[in-house]
Amino acid sequence: HAHLATGEALYLKSAQDLLNFLEITFLTPDGKALYRTYINGRATHPATLRDYAFLIRAYLDIFQITNKRSLLSRVEELTGQVEADFLTKEGELYSYARLDLPDLIREVKDIVDDEMPSGNALMLRNLQDLAILTGDKKYRKQLTALLAAMSDRVLSQPLTYAAWANAYLDDAEGVLEIAIIGKE
């Protein structure tokens, strides 16, 4: 975001370096598992929905600046992993933790926005961008399910669900798209 605001290349390089560090350190080589802590040179503890959602957001942000197709491919892989590991049996919302974990926290749904957007609200934003960038209808279908699942809550308590409300607004008003096409 600092790069977009200033045009300073160093900020973009720093963001790319950080994303590379996160990928190498916290994501398994097959992309099937993400960890959330780093202790004594080793990543441990399974990541939560927010961890995946923010990593996906980082890939999307840098992709939209660099247009490197490999970043968008990684976004699609990670989103598929979130669908497989976090999407509840109702198919509307994602759980806080992977569904295969043997504890009670997996039943919690991360929906309330606090100082950061909830995992579900951030996944909604990610799905909105993916639907636009790829044209794949499966992303539109899932984001529509998320919107429907939360509509009553967002309308009755918009400050509690601020990131949701912003996503609803973008969905209702549409997002400005600019396509620059050419050899370079």
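The values are calculated or read from the model by the stated rules, or taken from the named source; none is laboratory data. Since the model is a prediction, treat every value here as computed from it, not as a measurement. Don't worry about glycine lacking a Cβ; one is built from the backbone with ideal geometry, like all the others, and counts go over all protein chains shown. Keep in mind that these areas ignore ligands, DNA and RNA; they rest on the heavy atoms of the full protein, side chains included. Shrake-Rupley method; radii C 1.70, N 1.55, O 1.52, S 1.80 Å.
Here 89, 32 are screened, and the one residue that is outside any helix (DSSP H, G or I), among the charged types (D, E, K, R) and over 20 Å from residue 141 (Cα atoms) is 32. Can you say whether residue 59 is in a strand (DSSP E or B) and among the aromatic types (Phe, Trp, Tyr), as far as the supplied structure shows? Taking the combined requirement at face value, the residue does not satisfy it.
A Cβ distance below 6 Å, combined with a sequence gap of six or more or placement on separate chains, defines the contacts here; from the range 10-27, residues that are more than 14 Å from residue 63 (Cα to Cα) reach residues that are surrounded by 16 or more Cβ atoms within 10 Å (Cβ to Cβ) and not small (Gly, Ala, Ser) in the pairs 11/3; 26/34; 26/35; 27/34.
Of the residues making up the range 150-159, those that are open to solvent by 50 Å² or more (accessible area, probe 1.4 Å) and either under 16 Å from residue 122 (Cα atoms) or in contact with a helix residue (DSSP H, G or I) (Cβ under 9 Å, 6 or more places away or on another chain) (or both) are 153, 155, 158, 159.
Tell me, which residue of the range 77-105 that is surrounded by fewer than 17 Cβ atoms within 10 Å (Cβ to Cβ) and in contact with a Phe, Trp or Tyr (Cβ under 9 Å, 6 or more places away or on another chain) is modelled with the lowest pLDDT? The residue in question is 105.
In summary, residue 43 fulfils each of the numbered conditions (1) buried (at least 18 other Cβ atoms within 10 Å of the Cβ); (2) assigned to a helix (DSSP H, G or I) with the single exception of condition (2).
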